[in-house]
Amino acid sequence: MERDKTPLQQLDAPLLFLLFLLAITSLVAIQTSEIILPEKLKGLHFALKQGVWYCIGGIAVVFTMLIDFDRFRNFSWILYGFGMILLIGLFLNFPASVIETRNNATSWYSVPGGSFQPSELMKVFLIIVLAKLVSDHHSKRLEKRIQDDIWLLAKLGLATILPFILIMEQPDLGTGLVFLAILGSVLLVSGIRWRLLLLLASLAVLGVATLVFIYFTFPVFFGSHILAEYQINRFYGWLAPNDYASDEGFHLVKSLLAIGSGRLDGVGLNQLTVEVPEPHTDFIFSVIASQFGFVGGSIVISLFFMLIYRMIHIAIESHDPFGSYLCVGVIGMISFQVFQNIGMTIQVLPITGIPLPFISYGGSSLLTYMIAIGIVLNVRSRTKTFMFDSGRDN
């Protein structure tokens, strides 16, 4: 027997509460980071703008939930095509009058009131398309043959590699890696034979080893055709930041100093002593760890852990495979970005310029995360719970 649900019961309160806590954390961190912003950026009220973007994102969540998530598969390719057109426009530099280049990356369109990064929305479009490909594949092929697994793998790979190539041409390595993380998360639950996935992982390791060989054997070719010089220098700045403290290691050295200054309980609110570059965007975790110490940083990480755990629970509870795959794609996207952003601030990973989801300042990125959360809430609100359904009530 199906249990009757009120509209309030259909909303996932724990997920919304975690989102609220992350929003408060974001606004406080952005507001307090203003004291170490460059003079040209002070007075631009980034915290207020972030609050406005949260309001816009809230509207996007409501709009996303109004449509049954199953309908997303009907216009998934339309969304994907729209995103590809925007990325191709950046690649062709057309129209040039509205295209922006920042930090050597041509990734933005100028729009009234700011700028827009199409690769952010393309993440959501890719998640929807990959979920459709997997669910449709299994619904049409009841007998699981290895040829079918290879065909599914090819479809998922092709759908991902096309936007990935365009993003790498901008170039934006960090965002490109997010696309690969989305693909990897969907592959893990796609039902493809593990030996095929292990073979794919082995090929990936072989590819990385080949790139390392090319770098040491043909450094000129590597710098001209694979990675730009500034991207290579970032690796040097990551591996030996103190040796490159005046250029490529500058951001990391400042980040480590800021986090170290926080110690256990932090230097206190509005008491920042280390001027971290990009404190309201890429290195906002350093600002949090400096002001609130190890305790504050751990609380933020715990909030993300609970958010991801809750989304995993929603994915498992969903009776619709398409809904589960949607949630898995969102989980992969957010998990990787959290790991990459926090990892780069503490020298675990190279600096790639990926923002911290829900906390870093940024309209395009925040809107993308809110739409993604809206999709997960959509799946949860349309998941029916039945009496005597084992494991559902625990």
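List of remarks:
- Test: residue in region 125-144 that is over 19 Å from residue 173 (Cα atoms), part of a loop (DSSP other than H, G, I, E, B) and basic (Lys, Arg): yes
- Looking only at residues of region 29-67 that are of a type in the set (S, T, N, Q) and touching a residue at least 40 places away in the same chain (Cβ under 8 Å), we find that the one that is surrounded by the most Cβ atoms within 10 Å (Cβ to Cβ) is 33.
- Yes/no for residue 224 being exposed (fewer than 13 other Cβ atoms within 10 Å of the Cβ), closer than 25 Å to residue 345 by Cβ and among the hydroxyl-bearing types (Ser, Thr, Tyr): no
- Only a single criterion out of (1) among the hydrophobic types (A, V, I, L, M, F, W, C); (2) surrounded by fewer than 22 Cβ atoms within 10 Å (Cβ to Cβ); (3) farther than 30 Å from residue 44 by Cα is not satisfied by residue 121, namely (3).
- Here 303, 264, 269 are screened, and the one residue that is modelled with pLDDT of 95 or more and hydrophobic (A, V, I, L, M, F, W, C) is 303.
- Some residue of region 91-103 being in a strand (DSSP E or B), out of contact with any Pro (no Cβ under 9 Å at 6 or more places or on another chain) and β-branched (Val, Ile, Thr): yes
- Residue match in region 276-290 (condition: acidic (Asp, Glu) and assigned to a helix (DSSP H, G or I)): no
- Any pair with Cβ under 6 angstrom, 6 or more apart, that starts in region 168-187 at a residue that is at pLDDT below 90 and ends at one that is among the hydrophobic types (A, V, I, L, M, F, W, C) and part of a loop (DSSP other than H, G, I, E, B): 174/354
- Qualifying position, being surrounded by 18 or more Cβ atoms within 10 Å (Cβ to Cβ), touching a residue at least 40 places away in the same chain (Cβ under 8 Å) and within 22 Å of residue 334 (Cβ to Cβ), among 90, 126: 126
- Of 258, 245, all but one fail to be surrounded by fewer than 22 Cβ atoms within 10 Å (Cβ to Cβ) and touching a helix residue (DSSP H, G or I) at 6+ places or on another chain (Cβ under 8 Å); the exception is 245.
- Condition met for residue 332 (among the small types (Gly, Ala, Ser), more than 19 Å from residue 126 (Cα to Cα) and either out of contact with any His (no Cβ under 9 Å at 6 or more places or on another chain) or without any contact (Cβ under 8 Å) to a residue 12 or more places away in the chain (or both)): no
For every residue, the table says whether it meets (1) at pLDDT 85 or above; (2) in contact with a Cys (Cβ under 8 Å, 6 or more places away or on another chain); (3) part of a loop (DSSP other than H, G, I, E, B).
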{"position": "343", "(1), (2), (3)": "yes, no, no"}
{"position": "349", "(1), (2), (3)": "yes, no, yes"}
{"position": "359", "(1), (2), (3)": "yes, no, yes"}
{"position": "364", "(1), (2), (3)": "yes, no, no"}
{"position": "367", "(1), (2), (3)": "yes, no, no"}
{"position": "388", "(1), (2), (3)": "no, no, yes"}
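- Unique residue being at pLDDT 90 or above and in contact with a His (Cβ under 9 Å, 6 or more places away or on another chain) when the list is 321, 355: 321
- Which numbered condition residue 189 fails, given (1) surrounded by 14 or more Cβ atoms within 10 Å (Cβ to Cβ); (2) under 24 Å from residue 105 (Cβ atoms); (3) not polar (S, T, N, Q): (2)
- Evaluating residue 203 against the criteria (1) over 28 Å from residue 165 (Cα atoms); (2) exposed (fewer than 13 other Cβ atoms within 10 Å of the Cβ); (3) modelled with pLDDT of 90 or more leaves one unmet condition, (1).
The values are calculated or read from the model by the stated rules, or taken from the named source; none is laboratory data. Note that the structure is predicted; figures quoted are calculated from it, not measured. Backbone-built Cβ (ideal geometry, glycine too); neighbour counts: all protein chains shown.
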